[in-house]
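Chemist: Below you will find the structure I want to go over with you.
The values are calculated or read from the model by the stated rules, or taken from the named source; none is laboratory data. The model shown is predicted, which means the values in this text are computed figures rather than measured ones. Note that we place each Cβ from the backbone using ideal geometry, even for glycine, and neighbour counts take in every protein chain shown. For accessibility, only protein heavy atoms count, side chains too; no ligands or nucleic acids. Shrake-Rupley method; radii C 1.70, N 1.55, O 1.52, S 1.80 Å.
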Amino acid sequence: MKIKERIDIEPGRAICYSGFREGQSPESGIFPSYGQIKEDLLILHDHWKYLRLYDCDKHTDIVLEVIQNENLDFKVMLGAYIGAEMNNFGCQWGGFYSEEELAENKARNLDQIKKLIQLANEYPDIIFSLSAGNEALVHWTDHYVPIQDVIKYVRLIKMGTKQPVTFCENYVPWQEKLHELVEEVDFISIHTYPVWEYKNIHEALEYTKQNYYSVADRYPHKPVVITEAGWATNSNGRGIDPHNVSEDLQEVYYKDLMKWTDEEEILTFYFEAFDESWKGSNEPLEPEKHWGLFTVDRKPKKVMQKMELSMV
């Protein structure tokens, strides 16, 4: 089911946006300034209509202020970041917390949901949809939240807001595990990363289609949105073969993905607008740092250089 047929969301180009620059990160508490976020959004506004934000933090507050104050034509999917409420011993890079930490996370999660509701009502003309969390139910997550708690958060959001509500997750759990959650959300949001699953560029689009239809065909009564899909441009070999990522390959995947999703009117948030140097390890070529269509210093990568030239 196309999203326009079920809820009032027009097709349009969409992108995930995190504005943290060199030396800034959510963990450090050092956030981009109003001027820096304005610069970012002016870079993005000629190419994309929809933005996806992950967290109800100071970064989001400033983004919404900039959009409103500068009268920028963006619509925002806003998410609440929910932390671990349960230990996940299947995670290879963390996921272990004390009982005290889990209790603190649960209280913080509720605060996030309340802030999400507050912002949704404060900016109803900008925020077009809401997510109760991000990748908190997949087997490898380091911030696992039991599905019944996610359902509780979805219900709280729906009680307090008018926007459609979703939950953003890797495509695999939606295939079987999340059938209870499917009936609670207004639309399903999936993530698909062929390059993380060792696919080369020639297999990439077909694999993305398989991921999408494995969920969409299972739940024909629910619209399905792609809230993350992308191709990295660097890797140190940790999880991704360095030969399988580059700006050339990113350009191919981006163009193939946009052509298909435009034709099928599948709302698709490309991951990511800008490289995120704060993510992952201290290794400079850590793949988590290199998904942007622009570098961390806001220089366009190959696909965006060509798109910007075509607009001149």
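For every residue, the table says whether it meets (1) modelled with pLDDT under 95; (2) under 18 Å from the mean Cα position of the chain (by Cα); (3) open to solvent by less than 30 Å² (accessible area, probe 1.4 Å).
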residue: K2; (1), (2), (3): yes, no, no
residue: F20; (1), (2), (3): no, yes, yes
residue: F31; (1), (2), (3): no, no, no
residue: G35; (1), (2), (3): no, no, no
residue: K38; (1), (2), (3): no, no, no
residue: L41; (1), (2), (3): no, yes, yes
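Chemist: Which of the residues that make up region 279-300 are in a loop (DSSP other than H, G, I, E, B), open to solvent by less than 70 Å² (accessible area, probe 1.4 Å) and not hydroxyl-bearing (S, T, Y)?
Modeler: Here is the first cut: in region 279-300, the residues in a loop (DSSP other than H, G, I, E, B) are 279-286, 290-293, 295-299.
Filter once more, so that each one left must be open to solvent by less than 70 Å² (accessible area, probe 1.4 Å): 279-281, 286, 290-293, 295-296, 298.
The answer is K279, G280, E286, H290, W291, G292, L293, V296, R298.
Chemist: Okay, next question. Is it the case, given these coordinates, that E276 is under 21 Å from L42 (Cβ atoms), touching a Cys at 6+ places or on another chain (Cβ under 7 Å), among the charged types (D, E, K, R) and open to solvent by less than 20 Å² (accessible area, probe 1.4 Å)? Outline the logic, then answer.
Modeler: Values: under 21 Å from L42 (Cβ atoms): yes; touching a Cys at 6+ places or on another chain (Cβ under 7 Å): no; among the charged types (D, E, K, R): yes; open to solvent by less than 20 Å² (accessible area, probe 1.4 Å): yes.
Judged against the criteria, E276 is not a match.
Chemist: May I pose another question? Going through region 198-213 one residue at a time, which ones are open to solvent by 40 Å² or more (accessible area, probe 1.4 Å) and within 26 Å of A132 (Cα to Cα)?
Modeler: Hits for region 198-213 are K209, Q210, Y213.
Chemist: Would you mention how many residues in region 112-135 are over 21 Å from L72 (Cβ atoms) and either open to solvent by 10 Å² or more (accessible area, probe 1.4 Å) or without any contact (Cβ under 8 Å) to a residue 24 or more places away in the chain (or both)?
Modeler: 7
Chemist: Hey, can you tell me all the residues within region 214-225 that are closer than 23 Å to K158 by Cβ and open to solvent by 60 Å² or more (accessible area, probe 1.4 Å)? Reasoning before the result, please.
Modeler: Applying the first criterion (closer than 23 Å to K158 by Cβ) to region 214-225 yields 215-216, 218-225.
R218, P220, H221 - these are the residues of region 214-225 that are closer than 23 Å to K158 by Cβ and open to solvent by 60 Å² or more (accessible area, probe 1.4 Å).
Chemist: All but one of (1) more than 22 Å from G79 (Cβ to Cβ); (2) modelled with pLDDT of 95 or more hold for S281; state the number of the condition that does not hold.
Modeler: (2)
Chemist: Looking at V145, V154, which is the one that is open to solvent by less than 10 Å² (accessible area, probe 1.4 Å), β-branched (V, I, T) and in contact (Cβ under 8 Å) with a residue 60 or more places away in the chain? Steps first, please.
Modeler: Values: V154 fails: in contact (Cβ under 8 Å) with a residue 60 or more places away in the chain.
Among V145, V154, only V145 is open to solvent by less than 10 Å² (accessible area, probe 1.4 Å), β-branched (V, I, T) and in contact (Cβ under 8 Å) with a residue 60 or more places away in the chain.
Chemist: Same structure again: I'd like to know if region 18-40 contains one or more residues that are of a type in the set (A, V, I, L, M) and in contact with a Pro (Cβ under 7 Å, 6 or more places away or on another chain). Step through it out loud before you land on a result.
Modeler: Of region 18-40, the ones of a type in the set (A, V, I, L, M) are 30, 37.
Add one more test, that the residue is in contact with a Pro (Cβ under 7 Å, 6 or more places away or on another chain), and what stays is none.
No - not one qualifying residue is present in region 18-40.
Chemist: Give me the pairs, please: first residue somewhere in region 240-266 and assigned to a helix (DSSP H, G or I), second residue anywhere and crowded, with 17+ Cβ neighbours inside 10 Å and among the hydroxyl-bearing types (S, T, Y), beta-carbon distance under 7 Å, and either six or more positions apart or on two chains.
Modeler: P242/S235; E247/T233; Q250/T233; Y254/Y270; L257/T208; L257/T268; T261/T268
Chemist: What do you reckon, is T166 over 22 Å from W93 (Cα atoms) and touching an Asp or Glu at 6+ places or on another chain (Cβ under 7 Å)?
Modeler: yes
Chemist: While we're looking at this one, here's another question. State all residues of region 67-100 that are surrounded by fewer than 14 Cβ atoms within 10 Å (Cβ to Cβ) and more than 30 Å from E39 (Cα to Cα); if no residue qualifies, say none.
Modeler: Of everything in region 67-100, those that are surrounded by fewer than 14 Cβ atoms within 10 Å (Cβ to Cβ) and more than 30 Å from E39 (Cα to Cα) turn out to be F89, G90, Q92, W93, G94, F96, S98, E99, E100.
Chemist: I'm trying to understand the selection: among the residues of region 160-197, which are in a loop (DSSP other than H, G, I, E, B), within 16 Å of L267 (Cβ to Cβ) and open to solvent by 10 Å² or more (accessible area, probe 1.4 Å)? Full working, then the answer.
Modeler: The first filter runs over region 160-197 and keeps only residues in a loop (DSSP other than H, G, I, E, B), leaving 161-164, 176-178, 183-187, 193.
Now drop any that are not within 16 Å of L267 (Cβ to Cβ), which leaves 163-164, 185-187.
Listed by number, the residues that qualify are Q163, P164, D186.
Chemist: Do the conditions hold for V145, that is, is it of a type outside the set (D, E), part of a loop (DSSP other than H, G, I, E, B) and farther than 18 Å from V76 by Cα?
Modeler: Values: of a type outside the set (D, E): yes; part of a loop (DSSP other than H, G, I, E, B): yes; farther than 18 Å from V76 by Cα: yes.
Spelling it out, V145 is indeed of a type outside the set (D, E), part of a loop (DSSP other than H, G, I, E, B) and farther than 18 Å from V76 by Cα.
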